[in-house]
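Beneath this line is the structure, given in structure tokens, with notes to follow.
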Amino acid sequence: MAKVKPYEITGSDENLSEVNEETTLMASTRETPLPLGAIAGDLSTDDIVIPRMNLVQGVGTLSELFTPGSVVLNKEVVLTTGETPLELTILSARKQFVENLPFDSEEKPRVYNTLDEVKEAGGSIEWVNDEQPSFTPILHLQLVFKAPDGADNYAYPLEFDGKPYGLAVWTLRGVAYTRAGRNILTAARFALRDGLFNGKWALTTKREKFGRNSVVVPVLRNIGRNTPEFVEFLRNIG
């Protein structure tokens, strides 16, 4: 069977069925060239992947790879062992409420944006008669952090004043929400009313005893405000 040339395609079912891979590739090469460095198409936030930051506890998969107390990026890179402060700036924060499910549950927890939605679903965030609440508050953060000295720069795509910086998302839940999340929300209400990105933080970790369990908790301290030049850099990130 003769191959159909691109200019011979009429749109009929008969001719379209004869178009082979080579013809399709030939046709695509005739598209209008895009501007250098551009991305075309219907893009959304789902297409953007920001690495996740985690604290390594004494149990779990991460504890088999990293020292408990460490702060790791994308389950691959150690940002700090927990003793040396990691300097970071919070770009944005979002509070939600997530359902408390058993550790080994295969169900997907329900997540609501408001306490009213939790109550309408029959849930609560209060302890009653020593029973765990059915929902707990969480805080999703998007942040920029300064790369540790001597770090491999592949994990840090940003640069300011000759120094590398990285992007991360970090979710605070449970004791992490209590210890660090409330500090952030308090700062947003008072000292950083003009924008979270104006504040500079130092993150370390420590162990605390809760009953018989020892848990790694974040220690997040505000260490001042960013310079106007750095804030402008942050505004132009995305």
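Considering only region 91-109, state which residues are more than 29 Å from residue 188 (Cα to Cα) and either open to solvent by 60 Å² or more (accessible area, probe 1.4 Å) or at pLDDT 95 or above (or both).
102, 103, 104, 106, 107, 108
From the list 176, 155, 147, 180, which residue is under 22 Å from residue 60 (Cβ atoms), surrounded by 17 or more Cβ atoms within 10 Å (Cβ to Cβ) and modelled with pLDDT under 95?
Sole residue among the options that is under 22 Å from residue 60 (Cβ atoms), surrounded by 17 or more Cβ atoms within 10 Å (Cβ to Cβ) and modelled with pLDDT under 95: 155.
What are the residue pairs meeting all of these: first residue in region 97-112, first residue under 16 Å from residue 140 (Cβ atoms) and touching a residue at least 40 places away in the same chain (Cβ under 8 Å), second residue open to solvent by less than 100 Å² (accessible area, probe 1.4 Å) and of a type in the set (A, V, I, L, M, F, W, C), Cβ atoms under 6 Å, and 6 or more apart or on different chains?
97/118; 97/135; 98/111; 98/138
Quick one: which of 73, 88 is within 28 Å of residue 199 (Cα to Cα) and either open to solvent by 50 Å² or more (accessible area, probe 1.4 Å) or in contact with a Pro (Cβ under 7 Å, 6 or more places away or on another chain) (or both)?
The unique qualifying residue is 73.
Hey, can you tell me all the residues within region 51-70 that are among the aliphatic types (A, V, I, L, M), open to solvent by less than 80 Å² (accessible area, probe 1.4 Å) and either without any contact (Cβ under 8 Å) to a residue 12 or more places away in the chain or outside any loop (DSSP other than H, G, I, E, B) (or both)?
Across region 51-70, the qualifying residues are 53, 55, 62.
The values are calculated or read from the model by the stated rules, or taken from the named source; none is laboratory data. Note that the structure is predicted; figures quoted are calculated from it, not measured. Quick reminder, even Gly has a Cβ in these numbers, built from the backbone with ideal geometry, and neighbours come from all protein chains shown. Just the protein is used for accessible areas: all its heavy atoms, side chains included, with ligands, DNA and RNA removed. Shrake-Rupley method; radii C 1.70, N 1.55, O 1.52, S 1.80 Å.
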